[in-house]
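Inspection log for the structure reproduced underneath, given as structure tokens.
Please treat every number below as a calculation from the coordinates, not as lab data. Every value quoted in this text rests on a predicted model; they were computed, and no experiment measured them. Glycine gets a Cβ as well: all are built from the backbone with ideal geometry, and neighbour counts include every protein chain shown.
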């Protein structure tokens with residue numbers, strides 16, 4: 001996987017922000033954080049289950065907002 005950012009008009013700071021946004025979107029920082037320490041399989045399962053529950057809750061709220069918005 002190759003990520004490249006073009007620097008235009010010698011504006012390095014804007015290019016750095018674009019690179020950071022791209023890396024965040026790709027999930028690189030989450031992956032590095034996750035691999036920093038060993039996680040026991042039982043803890044990994046628990047974290048995965050909690051993340052799935054959180055995502056289901058977010059999806060449910062989004063659907064609810066859309067349904068309410070569609071009624072108006």
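Among helices (runs of 4 or more DSSP H) entirely within the chain, having at least 2 residues that are at positive phi and over 20 Å from the mean Cα position of the chain (by Cα) singles out no element at all.
Put simply, of 64, 23, 19 the only residue that is touching a helix residue (DSSP H, G or I) at 6+ places or on another chain (Cβ under 9 Å) and surrounded by 10 or more Cβ atoms within 10 Å (Cβ to Cβ) is 23.
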